[in-house]
Amino acid sequence: MSALEPRDADVTVPVVDTTAPPTEGVLGRTYRALSIGIVSVVLLIAFEATAVGTAMPVAARELHGIPLYAFAFSAYFTTSLFAMVLSGQWADRSGPLAPLASGIGAFGVGLLLSGTASSMWMFILGRAVQGIGGGLVIVALYVVISRAYPERIRPSIMAAFSAAWIVPSVVGPLASGTVTEHLGWRWVFVGIPVLILMPLGLALPAIRRMAAGPADTAAEAEPFDRRRIRLALGISLGAGLLQYAGQDLRWLSLLPAAVGAALLVPAVRGLLPRGTMRAARGLPAVILLRGVAAGSFIAAESFVPLMLVTQRGMSPTMAGLSLAVGGLTWALGSYVLARPRLEPHRQPLMVGGMVLVALAIATAPTVLIESVPVWTVAAAWGVGCFGMGMVIASTSVLLLKLSAPKEAGANSAALQISDGLANVLLLAGGGAAFAALGGGAVGASVHGPAGSATTGSHPAAFAAVFLPMAAVALVGAWVASRVRAR
């Protein structure tokens, strides 16, 4: 990857091109190549997320890992926490090009590890490597946006990120389900790395030209902050130990839980802005809202395909497609708040968005009742994704608006840490409740490549995941009311 790093003589000042026409948009001549390149990176991540989510129930069953089902998702977020902090410092120090290229490479390696795994723990290791890649990539992308785009068009590029999920949300579950049923789930993982070539070819040359190098090329590069690196390692180890304790429900698990908490608490205090945990107005509330929104929604969404496959007898393809409409409505929600005339109303619309998320999560487990049609999940998730589109895109816009250019990497890392940490902790809590109420036994109900379900109904285990997450989303509505300073 070192060949892709800019040489000193080639580094340009990473500021917005002041010669660009003032009305030029993200697809104007100045920004077209960069916009297409970085959106293609998001497209790859989106396709992986939708495809892997569809194949996961079958993969967990064949690897005898249903009790570790939540761990397969949270391992990604656990390692990404460390990678986010590293990426933020790396990008602020020498530009976003190197962490982005390294992250895409690690992402592909992790997919290959999971696709060739012979046990559930090997599968989880691959997901952890993917998390390192994802953490490096997402923070680097935020730094690119901060440096290359003027504030007036940042909402548009954020909306484009959400729009990049539309095609994967529709095609991903169908393609992944078809491959899983006819060729096997492994091909879903080993086939995706081929798509890495397109983002590499499109994004990296444009980033090298418009956003490479340190923020201030005249200043001496600052060394890595070793304290923050240690805190980042502590937050990843702590989150991993808490997740392990939540999955291994024994008295002996109290020891790793205590060690995890001891590592996690000081790390969170050191890596997130002061006032984040109490939702102080302004930037702290924005960062906390990102975690509350993403954590509650992703923790619930991770269990939707498993619930539909094991409790309602749906195939992996149909279970994945039940969430496909969410990609469309998520993009629509982002598009709505990208309109300049709605900027004065951003905060109340974010509050309303979190209410929609809470209603969607609370509605999803109603399909555990046989008389409720399964399409209820698709309808509810479409509504919830519309709310998420408004909230997530807005937290990104507000973060960059409240950050000085030299702080964009660190603050973007804090935003993503809040996102990833909430995912880990809420998945750990949901996974523990799921296992405690007999959820691990649902693996016996998945038969054949189509994943039809005939036995092993455990509705209480699924309800114990969804209902608490709906309550967390409601808390997010209050946090959203505090994202603007007085």
Legend entry - Qualifying residue in the range 143-163 (condition: aromatic (Phe, Trp, Tyr) and within 26 Å of Leu308 (Cα to Cα)): no
Legend entry - Residues located in the range 380-427, provided they are modelled with pLDDT under 85, small (Gly, Ala, Ser) and open to solvent by 10 Å² or more (accessible area, probe 1.4 Å): Ala393, Ser403, Ala404, Ala410
Inset, instruction - Among the numbered conditions (1) touching a Ser or Thr at 6+ places or on another chain (Cβ under 8 Å); (2) farther than 30 Å from Leu402 by Cα; (3) small (Gly, Ala, Ser), tell me where Gly291 comes up short. - result: (2)
Legend entry - Residue that is modelled with the lowest pLDDT [pool: residues in the range 135-175 that are crowded, with 24+ Cβ neighbours inside 10 Å and not in a helix (DSSP H, G or I)]: Trp165
Inset, instruction - Exactly one condition in (1) open to solvent by less than 20 Å² (accessible area, probe 1.4 Å); (2) modelled with pLDDT under 75 is not met by Gly438; state its number. - result: (1)
Inset, instruction - Could you look through the range 261-280, keep only residues that are touching a residue at least 60 places away in the same chain (Cβ under 8 Å) and in a loop (DSSP other than H, G, I, E, B), and pick out the one that is most open to solvent (accessible area, probe 1.4 Å)? - result: Pro273
Inset, instruction - Give the range 78-129 a look and list any residue that's of a type in the set (S, T, N, Q) and within 19 Å of the chain's Cα centre (by Cα), or say none. - result: Thr78, Thr79, Ser80, Ser87, Ser102, Ser114
Inset, instruction - Take the residues in the range 281-324 that are modelled with pLDDT of 85 or more and among the basic types (Lys, Arg), then tell me which one is surrounded by the fewest Cβ atoms within 10 Å (Cβ to Cβ). - result: Arg281
Inset, instruction - Would you check which residues across the range 39-72 are modelled with pLDDT of 80 or more and of a type in the set (S, T, N, Q) and list them? - result: Ser40
Legend entry - Single match in Ala211, Ala258 (criterion: at pLDDT below 70 and either buried (at least 16 other Cβ atoms within 10 Å of the Cβ) or over 30 Å from Gly28 (Cα atoms) (or both)): Ala211
Legend entry - Ser302 vs. criteria more than 19 Å from the chain's Cα centre (by Cα) and within 30 Å of Val374 (Cβ to Cβ): no
Legend entry - Conditions (1) buried (at least 18 other Cβ atoms within 10 Å of the Cβ); (2) at pLDDT 90 or above; (3) farther than 30 Å from Arg152 by Cβ; (4) not aromatic (Phe, Trp, Tyr); number of the one not met by Thr366: (1)
Inset, instruction - Report yes if Val179 is open to solvent by 10 Å² or more (accessible area, probe 1.4 Å), touching a Gly at 6+ places or on another chain (Cβ under 8 Å), at pLDDT 90 or above and in a helix (DSSP H, G or I), otherwise no. - result: no
Inset, instruction - For the range 338-346, state whether one or more residues are in contact with an Asp or Glu (Cβ under 7 Å, 6 or more places away or on another chain) and either open to solvent by 10 Å² or more (accessible area, probe 1.4 Å) or without any contact (Cβ under 8 Å) to a residue 60 or more places away in the chain (or both). - result: no
Inset, instruction - Could you check, for the range 446-455, whether at least one of its residues is out of contact with any Lys or Arg (no Cβ under 6 Å at 6 or more places or on another chain) and modelled with pLDDT of 80 or more? - result: no
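The values are calculated or read from the model by the stated rules, or taken from the named source; none is laboratory data. Computed from a prediction, not measured in an experiment: that's the story for all the values here. When we count neighbours, we look across all protein chains shown, and the Cβ atoms used for this are built from the backbone with ideal geometry, even at glycine. Accessible surface areas use protein heavy atoms only, side chains included; no ligands, DNA or RNA. Shrake-Rupley method; radii C 1.70, N 1.55, O 1.52, S 1.80 Å.
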